[in-house]
1. Within the set of other residues whose C-beta is less than 12 Å from the C-beta of residue 146, count the net charge using Lys and Arg as +1 and Asp and Glu as -1.
2. Sorted from fewest to most neighbouring beta carbons within 10 Å, what does the list 204, 197, 89 look like?
3. At q = 0.18 Å⁻¹, what is the log10 ratio I(q)/I(0) for region 112-223, with the Debye formula run over Cα points and no solvent?
4. Would you mind computing, in nm to one decimal, how far apart the modelled labels at residue 139 and residue 83 are, each placed 7 Å from Cα along Cα→Cβ?
5. Distance from a point 7 Å along Cα→Cβ of residue 203 to each backbone N in region 113-154: keep the residues under 11 Å and list them by number.
6. Where a Cα-Cα gap under 29 Å defines reach, which lysines qualify for residue 147, not counting those fewer than 8 residues away within the same chain?
7. Of [x] 61, 41, 27; [y] 47, 43, 34; [z] 42, 42, 30, which is the value of Cα extents along the principal axes in Å derived from the coordinates here?
8. Put a dot 7 Å past each Cα toward the Cβ at residue 51 and residue 39; how far apart are the dots in nm?
Amino acid sequence: MMSRYGLCTVFSEFYNFCITQKTNRKLVHISIGLVFMLCWPMFSSGQQGAILAAFIPGLNIIKMLLLGLGIWKDDATVKSMSRFGDHRELLKGPLYYAFSITYACAIYWRYSPISIGLICNLCAGDGIADIVGRRFGKQKLPYNKNKSFAGSIAMAAAGFLASLGFLLYFSLLGYIQVSSKTVLGFLFMSLAAALVESHPLSSELDDNLTVPLTSVLVGSLVL
């Protein structure tokens, strides 16, 4: 399994040649959770497997705290995961990100569609929204000039499609069943997450906090 550090290093090197720091950071944001979720079948079934899987992103919670507080120095990771290269930024978005994935593993695990929707909206949805929004987001939302129609639509679509992809993946392995209710539930989760992410308050609090919370709340109601 490729570690969080390994992915950060790869994307950091790629950035030096091809992409901006913002795109680099979002590629890390998209990849970490989705790659980790692909590896869930490697863990044993039952609560023991869930706790062991949660332990891995749980270690990253500790890492974010150590890096964010300046106790541990790792410029490559800080550069890949922060907007301005300030290590204190890791105490917000990246910390919420690690906590959300840990929570999804420990509480919902691979047998619940809520964990799938949560991680896909957080990783694929929010990550793609930023990339598409900066590239094609000329038409801004009337209630938030920092967000665009293109970015919000891309977020809902990416989160929903990624959720469907992982639903099929886990259903083929026998962990979860595909149903029209689950598909419709994913659609509601992704639309709600995109709507909340587009609100000005979401940026103030942090998308890595509001998107998972919205996904869990809506998922609990519709799934």
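1. Numbers: positive: 134, 140, 145, 147; negative: 130, 197, 204, 207.
Neighbourhood net charge equals 0.
2. On the way: 204 8, 197 26, 89 18.
Taking fewest neighbouring Cβ atoms as first place, the list is 204, 89, 197.
3. -0.78
4. Spacing of the two 7 Å Cα→Cβ label points: 2.6 nm.
5. Output list for this probe position: 141, 143-148.
6. Output for residue 147: 22, 26, 79, 92, 138.
7. Looking at Cα extents along the principal axes in Å for this model, the match is [z].
8. Taking the simple label geometry, residue 39 and residue 51 are separated by 2.1 nm.
Only the coordinates and a few stated rules stand behind these numbers; no lab work does. Nothing here was measured: the structure is a model prediction, and the numbers come from that model. A quick note on method: Cβ atoms are made from the backbone with ideal geometry, for glycine too, and the neighbour counts reach across all protein chains shown.
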